[in-house]
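For reference, the structure is listed below as structure tokens.
The values are calculated or read from the model by the stated rules, or taken from the named source; none is laboratory data. Since the structure is predicted, the reported quantities are computational estimates derived from the model, not experimental observations. Using ideal geometry, Cβ is built from the backbone for each residue, glycine included, and neighbour counts are taken over all protein chains shown. For the accessible areas, the whole protein counts, side chains as well, though only heavy atoms, and no ligand, DNA or RNA atoms are used. Shrake-Rupley method; radii C 1.70, N 1.55, O 1.52, S 1.80 Å.
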Amino acid sequence: MESEQTLSIIKPDGVRRNLIGAILKRFEENGLILTAMKMTSLSKSQAEGFYAVHRERPFFASLTDYMSSGPIVVSVLDGYNAISKNRELMGATNPQDAAEGTIRKDFAESLEANTVHGSDAPETAREEIGFFFPGWELIGSKRS
Ligand code: UDP
Ligand code: MG
């Protein structure tokens, strides 16, 4: 079974409400391995770069204000089907639609402040990991 990597972000609302440990615990309990991690923050223009795919959307200005409003915790998660596994643990984008037991169902404040980000495909995972951890793939990622 080949493992894959995905990028996770605990968004400013999650860090602000002291949920880092609770969220990381869910990844670990579900077999995702943390292979890189840091607390950092995004400037407005960095948030605009990260979410460039959404630049034409009506929520872009508000989303990038919010994402640059405080510290975030960024991780690379490694595991079999890590991208979809993480999306499953996160739950639907709108917490009102998120399944029971998901991170967004349990913790999200709103559609915008929905506590976590996760890459949605192998190509975006590669790009997003490179955004926060340049050269990460060269360093060697495997912990196990
Ligand atoms: N978002 C928002 N309003 C919307 C849709 C999305 O504020 O109508 C925010 C929300 O924080 C979401 C992020 O924009 O997580 C990126 O949207 P996407 O559709 O990529 O959802 P995700 O992949 O995070 O589930
Ligand atoms: Mg997305």
Of all accessible heavy-atom area on region 22-144, the percent that carbon and sulfur account for (1.4 Å): 52
Within region 51-65, whose backbone N sits under 16 Å from a point 7 Å along Cα→Cβ of Glu127? 51-57
For region 37-47, in order, what is each residue's ³J(HN,Hα) by Karplus, 6.51 cos²θ - 1.76 cosθ + 1.60 with θ = phi - 60°, in whole Hz (x at glycine and Pro)? 7, 7, 9, 8, 8, 10, 6, 4, 6, 5, 4
Rounded to one decimal in nm, the spacing of the 7 Å Cα→Cβ label points at Gln96 and Ala61 is 2.4
With every protein chain left in place, what is the accessible area of Ser75 in Å² (1.4 Å probe, nearest 10)? 0
Using DSSP to define loop residues, name the trypsin sites (Lys or Arg not before Pro) in region 20-100 whose beta-carbon has at most 13 other beta-carbon atoms within 10 Å. Arg55
Determine the per residue accessible area of the chain with all protein chains present and a 1.4 angstrom probe, expressed in square angstrom. 53
Using a cut-off of 20 Å between alpha-carbon atoms, which aspartates and glutamates can reach Lys25, once sequence neighbours fewer than 8 places away in the same chain are excluded? Glu4, Asp13, Asp78, Glu88, Glu100, Asp106, Glu109
Please list the equivalent ellipsoid semi-axes of the chain, computed as the square roots of five times the alpha-carbon gyration tensor eigenvalues, in descending order and whole angstrom. 22, 19, 14
